[in-house]
Amino acid sequence: MPPVSTAAPPTVPASRRPPGAGRRRRPAAAALGYAAPALLGFLAVRLLGLLVLTRWAHLKGHGVWPVLAASWDSRWYLDIAAHGYTDRLGTAMDANNLAFFPLYPALIKVCAALTPGSAASAALVLAGCCSLAAAWGVFAVGDRLHGRRAGTALAVLWGALPVSAVQWMGYTESLFTALAAWALYAV
């Protein structure tokens with residue numbers, strides 16, 4: 001039987017540890033405060049994007065609300081929330097709604113039932129809340145891997161992507177990104 005070593009295990013100098021190593025979990029309010037610069041940066045970038053989209057919609061003779069809440073795939077999600085999935089399988093490209101992920105329409109239906117206003121308004125509020133949860137998740141992954149500055153940069157850059165206009169539309173992108181980011185964080 002080999003002798004049992006009583007020596008302490010070697011320690012890694014603090015300069016060689018990953019930025020997230022050894023951190024204790026924070027309470028939710030403290031974690032939100034810690035992520036506040038990233039979330040505020042994300043909101044600033046998204047509000048600037050919303051102003052640009054509002055100007056574009058105005059130049060085209062539209063309001064920004066219909067562009068965000070009731071155009072393109074948003075109509076499909078609102079229809080699924082109102083009427084469920086179709087049982088017919090047509091041959092035309094737009095003959096059925098079976099290609100759309102069911103969680104977002106289910107959440108729209110619940111939110112619309114619990115809040116005043118239309119289902120389209122509930123879809124937009126839900127997308128906005130999910131985008132904040134996603135930005136927080138992106139920040140948390142970046143913070144864990146490379147520190148607070150990297151997490152903040154990632155959250156702001158995610159809000160500045162050219163395709164980020166759909167984050168505040170009646171689409172599933174914000175919900176999906178929030179679920180994916182927090183799943184990565186948990187791993």
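When peptides 151-158, 171-178 are sorted by average Cβ neighbour count within 10 Å, with the highest value leading, the order is 151-158, 171-178.
Between ALA160 and ALA31, the C-beta separation translates, for a Förster distance of 25 Å, into a calculated FRET efficiency of about 0.60. Each residue of the range 151-168 was assigned a 3J(HN,Hα) from its phi angle through the Karplus curve 6.51 cos²θ - 1.76 cosθ + 1.60 (θ = phi - 60°); the sequence is x, 5, 4, 5, 5, 5, 5, 4, x, 9, 4, x, 7, 5, 4, 6, 5, 10 Hz, with glycine and proline shown as x.
Output the peptides 130-137, 112-119, 160-167 sorted from most to least packed, where packing is the average of other Cβ atoms within 10 Å over each peptide's residues. If you can, show how the numbers build up before the last one.
On the way: 130-137: 23.2, 112-119: 13.1, 160-167: 14.8.
Packing proxy ranking, top to bottom: 130-137, 160-167, 112-119.
Each residue of the range 133-143 was assigned a 3J(HN,Hα) from its phi angle through the Karplus curve 6.51 cos²θ - 1.76 cosθ + 1.60 (θ = phi - 60°); the sequence is 4, 5, 4, 5, x, 4, 4, 4, 5, x, 5 Hz, with glycine and proline shown as x.
Given a 1.4 angstrom probe, I'd like the percentage of the accessible area of the range 69-187 that is carbon and sulfur, rounded to a whole number. Of the solvent-accessible surface of the range 69-187, carbon and sulfur hold 70 percent.
Please give the contour-minus-distance gain from ARG55 to ARG149: 0.36 nm per residue of separation, less the Cα-Cα distance, rounded to one decimal in nm.
30.6 nm
Estimated at 0.36 nm per residue, the fully extended path between VAL110 and SER71 surpasses their Cα-Cα distance by 11.9 nm. Compared with the direct C-alpha span, the chain from LEU103 to HIS83 gains 5.8 nm at full extension, assuming 0.36 nm per residue. Converting phi to 3J(HN,Hα) with the Karplus coefficients 6.51, -1.76 and 1.60 and the offset θ = phi - 60°, the range 31-40 yields 5, 5, x, 5, 8, 3, x, 5, 5, 5 Hz in sequence order, with x at every glycine or proline.
The values are calculated or read from the model by the stated rules, or taken from the named source; none is laboratory data. Not measured: the values here are computed from a predicted model. Using ideal geometry, Cβ is built from the backbone for each residue, glycine included, and neighbour counts are taken over all protein chains shown. Ligands, DNA and RNA are stripped out before the accessible areas are found, and what is left, the full protein with its side chains, is counted by its heavy atoms. Shrake-Rupley method; radii C 1.70, N 1.55, O 1.52, S 1.80 Å.
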